[in-house]
Amino acid sequence: MPGLIVVGSQWGDEGKGKVVDVFSSQSDLVVRYQGGANAGHTLVVDGKKTVLHLIPSGILHEQVTCMIAAGVVLDIVTLCEEIRALKVNGLLKNPKQLLISDSCTVLLPYHRRLDLAREKALGNEKIGTTGRGIGPAYEERASRKAIVFGDLFGPKDVLKQKLEAALKEKNFLLESYYKEEPFKVEDLIKVIDECAEELKDYRSKDTSLGIHKALRSGKKVLFEGAQGSLLDLLHGTYPYVTSSSTLAGSALVGSGVGPSQNLDVVGITKAYTTRVGSGPFPTECTDEVGEELRKKGHEFGATTGRERRCGWLDLVALKYAIRVNGITSLALMKLDVLSGFDEIKVCTAYELDGQEITEYPVSPGELARCKPKYVTQKGWKEDLTQARSLKDLPRYAQDYVQFLSSSLATPIDVISIGPGRDQTLWIRPLFS
Ligand code: IMP
């Protein structure tokens, strides 16, 4: 299979960065197709830490081309910072390693201010966004007022006109409704010009064409999703979702590739569940179990540093994610974090208004009323981080993996047992 889509199958932070990093070394092209600087993964190269929000982690491999496709909301200030940080660390020496679509929506400082102002105004009703301006940027795209990446290199008067048109509404909202500082067109143009100068070498105009050619010639293309399936704008826990489609279908739309392509879909799944921000989470553990998962799993956001809410694995939600994404195999992450629990719970059904259900409910308010029904698996005490094959895992850990795979009727092709690249058990090769 020349193409592989990697999606998060929970509420994000499933460990996609590590999988994409490992998978990238076997890919020719890595494509980021939705979301923006709300995503984040930390890379450690030669002991130096770099946090990437927009650039695919494939950038660590010199032979890999990384693309940022049309579906992404591109925070150009953050992108310039990331590029500089990579260069300081001796990476991204060749500009051909990073190609940016002219059709990306440009995210500017006023989107962030609007996002933060809105959240502040919502008080207890807030979504718990990352504050990175994602919602306002996608709204602007839908309102047909957005600046796109190609505008940065076009006639200056056109850019100015577009910015003036966009700012008319935004400044009105900021000043009159939220009582926040407005933005000046001239200040923004200065920021944009500086960024355009730094980014011009990465302009690729039509990334869809590049992806199409790569797939046609049998090159290995990896589509890197951000956030998780349950944060999808249409199929997630609305309104507590992000503002893009996080599902595998979005890889096609966001990068301009048709559905007749033969692509595998790998769902990244943590061995337990986490969520950041507000919204329903049936298996959340607000007791010492949640605390232990958070501590052992270092469950703090890479973008905002917020504590992640933690709980047991939810197979009802996972089956839904498998269905709506068309997931063909799973990568099970952070299995090592479960070492030390006497017993491990797995949610296999919900109780909704006195009835047992096994299909994830999508009607408004229903998920919040669901109570999890668990089966209990035996835990294990052994440290898993040194295992190098499935056989090295203790029996109850193997049983847990087997139980998940058969309950979900989906193969688990990868198991991660620690942050290192070598702490990855390959059950079946990729791109096979
Ligand atoms: P936004 O994407 O910043 O608008 O935030 C909307 C919701 O998505 C909030 O609950 C965020 O916590 C969540 N979210 C956005 N990006 C991520 C991510 O990369 N990991 C986990 N949650 C995320």
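The values are calculated or read from the model by the stated rules, or taken from the named source; none is laboratory data. Not measured: the values here are computed from a predicted model. Ideal geometry is used to build each Cβ from the backbone, glycine not excepted, and the neighbour counts take in all protein chains shown.
Computed values, structure above
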item	result
Residue list for the range 121-155, filter: within 16 Å of the ligand (Cβ to nearest atom), among the basic types (Lys, Arg) and either modelled with pLDDT under 95 or surrounded by fewer than 16 Cβ atoms within 10 Å (Cβ to Cβ) (or both)	Lys126
Members of the range 169-189 found to be of a type in the set (Lys, Arg) and surrounded by 11 or more Cβ atoms within 10 Å (Cβ to Cβ), listed by number	Lys170, Lys184
Members of the range 392-418 found to be closer than 30 Å to Leu60 by Cβ and surrounded by fewer than 15 Cβ atoms within 10 Å (Cβ to Cβ), listed by number	Asp392, Pro411
Sole residue being within 22 Å of Gly290 (Cβ to Cβ) and in contact with a helix residue (DSSP H, G or I) (Cβ under 7 Å, 6 or more places away or on another chain), chosen from Leu315, Leu338, Leu390, Leu367	Leu315
Verdict on Val51 being touching a residue at least 60 places away in the same chain (Cβ under 8 Å) and out of contact with any Ser or Thr (no Cβ under 6 Å at 6 or more places or on another chain)	no
Residue satisfying condition, being within 15 Å of the ligand (Cβ to nearest atom) and of a type in the set (Asp, Glu), within set Asp102, Asp75	Asp75
Matching entry among Lys49, Lys93 (being away from the ligand (no atom under 16 Å from the Cβ), more than 22 Å from Gly133 (Cα to Cα), assigned to a strand (DSSP E or B) and assigned by TED's automatic domain parsing to the domain that holds Leu231)	Lys49
Among residues of the range 216-234, those that are in a loop (DSSP other than H, G, I, E, B) and either within 15 Å of the chain's Cα centre (by Cα) or crowded, with 23+ Cβ neighbours inside 10 Å (or both), counted	2
Qualifying positions in the range 366-391 - part of a loop (DSSP other than H, G, I, E, B), surrounded by 15 or more Cβ atoms within 10 Å (Cβ to Cβ) and in contact (Cβ under 8 Å) with a residue 40 or more places away in the chain	Cys370, Gly379, Trp380, Glu382, Leu384
Residue in the range 365-375 that is over 24 Å from Arg323 (Cα atoms), at pLDDT 95 or above and in the same structural domain as Pro282 (by TED's automatic domain parsing) present	no
Residue in the range 356-365 that is within 26 Å of Val7 (Cα to Cα), charged (D, E, K, R) and assigned to a loop (DSSP other than H, G, I, E, B) present	yes
Hits in the range 29-62 (condition: at positive phi and surrounded by 24 or more Cβ atoms within 10 Å (Cβ to Cβ))	Gly35
Single match in Val253, Val265, Val337 (criterion: surrounded by fewer than 22 Cβ atoms within 10 Å (Cβ to Cβ) and away from the ligand (no atom under 15 Å from the Cβ))	Val253
Subset of the range 19-46 [in a loop (DSSP other than H, G, I, E, B) and more than 15 Å from the ligand (Cβ to nearest atom)]	Ser25, Gln26, Ser27, Asp28, Asp46
Only listed residue being assigned to a helix (DSSP H, G or I) and within 30 Å of Glu119 (Cα to Cα), chosen from Leu159, Leu199	Leu159
The range 2-18, subset assigned to a loop (DSSP other than H, G, I, E, B) and among the charged types (D, E, K, R), residue nearest to the ligand (Cβ to nearest atom)	Asp13
Total residues in the range 311-346, condition assigned to a strand (DSSP E or B) and either within 17 Å of Gln377 (Cβ to Cβ) or within 17 Å of the chain's Cα centre (by Cα) (or both)	11
Number of the exception - Ala321 against (1) more than 16 Å from the ligand (Cβ to nearest atom); (2) touching a helix residue (DSSP H, G or I) at 6+ places or on another chain (Cβ under 6 Å)	(1)
